[in-house]
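These notes are about the structure you will find just below.
The values are calculated or read from the model by the stated rules, or taken from the named source; none is laboratory data. Treat the numbers as computed from the prediction; the structure is a model and nothing was measured. Glycine gets a Cβ as well: all are built from the backbone with ideal geometry, and neighbour counts include every protein chain shown.
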Amino acid sequence: MIPFIDLHAQQKLIRKRIDKRIKQVLDHGQYILGPEVKELEDRLSSFTGAKYTLCCSSGTDALLLSLLGLKIKPGEGVIVPAFTFASSAEVMPLLGAIPIFIDVKRDTFNIDPRKLYDSLKTAKDIGINVKGIMPVGLFGQPAEMDLINDFAKNNDLWVLDDAAQSFGGIHKDKNVGNLSEAAATSFFPAKPLGCYGDGGAVFTNDKDIYEIANSSHIHGMGKKRYEYDRIGMNARMSTIQAAILLEKLEIFPEELKKRQEVANNYNKTLNSLNLGIELPKINKNFKSSWAQYTILLPENINRDKLQENLKLKNIPSAVYYPIPLNEHKPYNRYPVSKSGLSVTYYLSKNVLSLPMHPYLKKDEIVYISENINNFIKNY
Ligand SMILES: Cc1ncc(COP(=O)(O)O)c(C=O)c1O
């Protein structure tokens, strides 16, 4: 089977360095909040340009800590796409807040800024005090942050970037992590920058957000140990994961370049086949981290059959996401923007993600593309 994500190829390159880093942690024995965590936070701040980085236990916890830092209150609303992973929306109800579902754009899979006004109005009309917007850099490309930030500013809202998939992406001259009031990323193993367990980080330039998130991730601790300023949680990053990430971060810029080459090769090969497939579009002034390479199949193609057929040829594929979030039982009570979610529904039926990782070879891309071609041409 061609790997969907090849963590072994990457590990082969850096195994010795990772072993050495882990050994250092075993030697000093500070498994919680060891020096590697601070070192990683400093390195991530240099990488993103964000003044403050807080490493934590997962991408979901990074979103939760960011919302705490932004002082969200029960009953307040946050606009979030319906076409995303559950984490983006689950963190609001966990704090008593309300997700308001907005549609995305067909070519980028990200929030449609033209629909922000309607989403805000939908919430206001039913008495919800909207406080912020949570764009998601789906599949690696940051959302249109300039437009979203402008809208937010004009309406007195904050913006929390769910950058779980888009870490490593760029908008104009700024890196993901530094495109809004706060950003949260995930270091889940399959993410562009992943560790060997769960991990995440909060990025911000705002001292207040950082300090609240920092305190909250250690049980709401105050200035002294066993002195508490607020209700918090246990959301620390393990020192061993930080040590692993430090080595992975070393090769991350090179891996981002390789992911871009893989995407270019897919684009070139699939384009030349003229199959009526819509390929992922990267907007001008944006760079994707290519967490996924996701295509849009022609409507008449049976996606399940194509996936089965590819599997027989040892080609894995995945559907992110088959059901809009608002359709799931725990989420169907939350408001949907009055401009609707027609693109979200369309994408849910027709997207398909293909193998994507920095070490995917050109002949593998040709093999994958040829098999898609054979299926569609003989359909
Ligand atoms: C868009 C999005 N947001 C949030 C998360 C949550 O990250 P984690 O799995 O590290 O909690 C993920 C991870 O899958 C994600 O894809």
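Can you name every residue in region 15-51 that is buried (at least 22 other Cβ atoms within 10 Å of the Cβ), outside any loop (DSSP other than H, G, I, E, B) and away from the ligand (no atom under 16 Å from the Cβ)?
Those that are buried (at least 22 other Cβ atoms within 10 Å of the Cβ), outside any loop (DSSP other than H, G, I, E, B) and away from the ligand (no atom under 16 Å from the Cβ): Glu36, Val37, Thr48.
Output the residue which, of all residues in region 74-91 that are part of a helix (DSSP H, G or I), in contact with a helix residue (DSSP H, G or I) (Cβ under 6 Å, 6 or more places away or on another chain) and more than 8 Å from the ligand (Cβ to nearest atom), is nearest to Tyr346 (Cα to Cα).
This residue is Ala89.
Mind checking which pairs have a first residue in region 61-72 that is assigned by TED's automatic domain parsing to the domain that holds Ser180 and farther than 12 Å from Ala183 by Cβ and a second that is within 11 Å of the ligand (Cβ to nearest atom) and of a type in the set (Val, Ile, Thr), Cβ under 6 Å, 6 or more apart or different chains?
These pairs meet every condition: Leu64/Val91; Leu67/Val91.
Filter region 94-138 for residues that are surrounded by 21 or more Cβ atoms within 10 Å (Cβ to Cβ) and either hydroxyl-bearing (Ser, Thr, Tyr) or in contact with a Lys or Arg (Cβ under 6 Å, 6 or more places away or on another chain) (or both) and give the result.
Ile102, Asp103, Thr108, Asp112, Ser119, Thr122
Counting only residues that are in contact (Cβ under 8 Å) with a residue 40 or more places away in the chain and either assigned to a strand (DSSP E or B) or of a type in the set (Val, Ile, Thr) (or both), which one in region 219-247 is surrounded by the fewest Cβ atoms within 10 Å (Cβ to Cβ)?
Per the criteria, the residue is Asn234.
Quick one: count up the residues across region 9-18 that are without any contact (Cβ under 8 Å) to a residue 40 or more places away in the chain and within 28 Å of the chain's Cα centre (by Cα).
Within region 9-18, residues that are without any contact (Cβ under 8 Å) to a residue 40 or more places away in the chain and within 28 Å of the chain's Cα centre (by Cα) number 3.
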